[in-house]
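A.B. asks: Structure incoming, see below.
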Amino acid sequence: MRSFIAGSAFVGLVAALPQQINVAAVEALPTPSVLGPELAAKSTPAVTYNPTSAASAAAAAISTAPPSIEKRDATCAPQPGGAGPIPGSGSVDEYLKKDSILGQEAEQAGTPTGYVQSFKNLQAGSQQIYYLTYRTIDSGTYDVDTCAAFCDSEKFCNGFNIYYERDPSVDPSASCPNPPPITNVKCALFGYPVGAAAATNAGQWRGPEDANGEAFHVVIAGSNGYSKLAPVRPAPTVPGFSGPVSLPAAINAPPEADTYNGMKLYNDGPFDPSVCAAACQAQTKFDKEVLVDSEGNYRACNFFNAYVLLKNDVPQGTYCSFYTREWDPSYAVNTGYFWESDVYKVVSSFSYTLDPLDPGHI
């Protein structure tokens, strides 16, 4: 049995064990430091993801600071945006009424073509793995189609969260504590499907307290989530492998065949089977050089299954299962299961086969 491997990008058990979902690996995986947009009125640049670099890091790992906040130096400086509607008096209670004008817009919003609605009219924004970027909708309208078009324009976007945010009209300071609010409509993009259980960003307090002992309260209302229909996006081709083959679930090969060659789970990037391919080939290289027996036999990775693993409908990352031989889609029967109080699901499952195959002499 090979050792347990842990790192900032992945956790895995590489061993010829039955290929059920490795819950221990999921639980041990470090959480990325950035899970959603900063609560501020302006947009942020897109997160850069380089598949080639990610694949290189995945291969290298086989053998072997929080984001800065822009300083505000202007007292009571007007804050950008604010084109969205202000409910009632603009109090926090008015924003958080489910039947306010904001809640009504969220309830009545349609679902864009190519998407499924993940949640509706919550009072918190999404915080989950591989946050990409966000944009304020300048018109102030609750426009899910504009948000979907923004997602479609980002190569790795697989889901988005649109919501109203109660922001201060000026930068709160001692000279202007707890200022009147403005409303921004925000669209946050993610590299995985979005889930209701990950909508946990309920706001924050900003600036000093006023004469009534109240600081400005940023809150979120009318939060809707939308995910791209499975498969989350067309899976890429991978050099050196045939495929992808779209599968209805994860591969569950017969244990007696002894072809399962371990797993890896990556959560520091979007869904990306190329990291599985890199790890697969690096594992073969390592086995051939280090774990080869006296007769020249080694376990070659000839086939892998890449999919998105969900825990309680919240994405956990790109799950990679490795095999010494190819298995056809009839073996894709593992849709997930219950583990104690949690529910694990498999979505967007694809398989790839090494071309040409490596016999491994076994």
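A.B. asks: Using a basic spin-label model with each label point 7 Å from the Cα along Cα→Cβ, how many nm lie between Asn212 and Ser173?
C.D. replies: 2.4
A.B. asks: Let me ask something additional. Total Lys pairs in region 72-228 closer than 19 Å by alpha-carbon, pairs eight or more apart in sequence or interchain only?
C.D. replies: Working: Lys97/Lys120; Lys97/Lys186; Lys98/Lys120; Lys98/Lys186; Lys120/Lys186; Lys120/Lys228; Lys155/Lys228; Lys186/Lys228.
For region 72-228, qualifying lysine pairs total 8.
A.B. asks: Evaluate the distance, in nm, between pseudo-label points positioned 7 Å from the Cα of Val343 and of Ala257 along their respective Cα→Cβ axes.
C.D. replies: Output for this residue pair reads 3.0 nm.
A.B. asks: What does the highest-first list of 346-359, 82-95 look like by mean Cβ count within 10 Å?
C.D. replies: 346-359, 82-95
A.B. asks: Another question, then. How high is the FRET efficiency from Asp358 to Ser89, r the C-beta distance, R0 45 Å, rounded to 0.05? Mind showing how you got there, number by number?
C.D. replies: Numbers: r = 69 Å, r/R0 = 1.54.
Once the sixth-power term is evaluated, E becomes 0.05.
A.B. asks: Where Lys and Arg each count +1 and Asp and Glu each count -1, what net charge lies around Ala196 among other residues with Cβ under 10 Å from its Cβ?
C.D. replies: On the way: positive: Lys120; negative: Asp313.
That sum, taken over residues with Cβ under 10 Å, equals 0.
A.B. asks: Pulled fully out, how much extra length does the chain show between Lys98 and Asn312, if you take 0.36 nm times their separation in residues and subtract their Cα-Cα distance? Don't skip to the answer; put the middle values down first.
C.D. replies: Values: separation 214, 0.36 × 214 = 77.04 nm, distance 2.44 nm.
The span from Lys98 to Asn312 would gain 74.6 nm if fully extended.
A.B. asks: Set the Förster distance to 25 Å, then compute FRET efficiency between Glu295 and Asp328 from the Cβ-Cβ distance, nearest 0.05. Intermediate results must be reported in sequence, preceding the final value.
C.D. replies: Details: r = 30 Å, r/R0 = 1.20.
Efficiency for this residue pair is about 0.25.
Computed from the coordinates by the stated procedures, all read-outs in this text should not be read as laboratory data. This is a predicted model, so every value here is computed, not measured. For neighbour counting, all protein chains shown are included, and Cβ atoms are generated from backbone atoms with ideal geometry for every residue, glycine included.
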